[in-house]
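Have a look at the structure below before the remarks.
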Amino acid sequence: MKTLFIPTKIKSEINKLKILEISKKLPKNIVIAYSIQYQNIAKKIKAILSKKHNVSNFIQVLGCSKPKFSKKTQAILLISSGKFHAISLAKQSKLPVFILEANKLNKISKKQIENLEKKQKASYIKFLNSDKIGILVSTKPGQENLKKAINQKNKLKNKKSYIFLSNQINTNEFENFPDIQSWINTACPRLDFDARVVNINQIKS
């Protein structure tokens, strides 16, 4: 059986005058990142901004990606919806991150990054105090880390742990397993927005 992927695209008009006005709020050296639905829009925006800015990188961001940027990069412009990727990019890169949607520009604040860090700390403390642990494994290519999950399970000597495999990890399904007090994520690191989840790389051996 073959899997067919049909890309979706966001239909939105680019207001060139607004983009030029927005460009005044951005530093000279930028990276333009986009989620796949916004690829066509991102290309048009890049063409406009490249006239006054040095666009050192033009990349698609994924939930699990950890992109690297040159030392000259002064800011990241993310063309996407919501703040899911933007806050994570800001935390990982330590760079100013601006999110552009519907011709409106917003900057990720220090407070938003601090809130994510607090959630991650609370999740780790919850993990330490939990007796029953669920270990999440995705079967998606590029996200599958079954070996890591098994190794982690073997290290949890004083806790009961169970491995859960799924193609699509939906945190709403956690309610079906009320005995599981904390979840270790071996797949997309962006799941750490959920207070019940701790990423495997946060756990100290």
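Is segment 103-112 home to any residue that is closer than 21 Å to Q143 by Cβ and touching a strand residue (DSSP E or B) at 6+ places or on another chain (Cβ under 6 Å)?
Scanning segment 103-112, I find no residue that is closer than 21 Å to Q143 by Cβ and touching a strand residue (DSSP E or B) at 6+ places or on another chain (Cβ under 6 Å), so the answer is no.
May I ask you to list the residues in segment 37-57 that are open to solvent by 60 Å² or more (accessible area, probe 1.4 Å) and assigned to a strand (DSSP E or B)?
N54, S56
Before we move on, is Y124 free of Cβ contacts under 8 Å to residues at least 40 places away in the same chain and closer than 20 Å to I200 by Cα?
The answer is no for Y124.
Would a scan of segment 53-62 turn up a residue that is of a type in the set (S, T, N, Q), farther than 23 Å from I113 by Cα and at pLDDT 95 or above?
Yes, the conditions are met somewhere in segment 53-62.
Scan segment 181-198 for residues that are under 14 Å from D131 (Cβ atoms) and open to solvent by 50 Å² or more (accessible area, probe 1.4 Å) and report the count.
The number of residues fulfilling the criteria is 1.
Would you be able to say whether some residue in segment 157-180 is open to solvent by 50 Å² or more (accessible area, probe 1.4 Å), out of contact with any Gly (no Cβ under 6 Å at 6 or more places or on another chain), closer than 13 Å to I203 by Cα and assigned to a helix (DSSP H, G or I)?
Looking for residues that are open to solvent by 50 Å² or more (accessible area, probe 1.4 Å), out of contact with any Gly (no Cβ under 6 Å at 6 or more places or on another chain), closer than 13 Å to I203 by Cα and assigned to a helix (DSSP H, G or I), one finds none in segment 157-180, hence no.
Condition first: within 13 Å of A42 (Cβ to Cβ) and small (G, A, S). Now tell me which residues in segment 74-97 satisfy that.
Residues satisfying the conditions are S80, S81.
Any residue at all in segment 143-150 that is farther than 30 Å from L26 by Cα, under 16 Å from the mean Cα position of the chain (by Cα) and surrounded by 15 or more Cβ atoms within 10 Å (Cβ to Cβ)?
yes
If you check N185 against the conditions, is it modelled with pLDDT under 95 and more than 17 Å from the chain's Cα centre (by Cα)?
When the stated conditions are applied, N185 does not pass them.
Give the residue, chosen from I32, I22, that is in contact with a Lys or Arg (Cβ under 7 Å, 6 or more places away or on another chain), at pLDDT 80 or above and either surrounded by 14 or more Cβ atoms within 10 Å (Cβ to Cβ) or among the acidic types (D, E) (or both).
I32
For Q152, work out the one condition from (1) in a loop (DSSP other than H, G, I, E, B); (2) at pLDDT 85 or above; (3) of a type in the set (S, T, N, Q) it doesn't fulfil.
(1)
Please report, ordered by residue number, the strands (runs of 3 or more DSSP E) entirely within segment 73-142 with at least 3 residues that are surrounded by fewer than 16 Cβ atoms within 10 Å (Cβ to Cβ) and not acidic (D, E).
104-107
The values are calculated or read from the model by the stated rules, or taken from the named source; none is laboratory data. Nothing here was measured: the structure is a model prediction, and the numbers come from that model. Backbone-built Cβ (ideal geometry, glycine too); neighbour counts: all protein chains shown. Note: areas computed on protein heavy atoms with side chains; ligands, DNA, RNA excluded. Shrake-Rupley method; radii C 1.70, N 1.55, O 1.52, S 1.80 Å.
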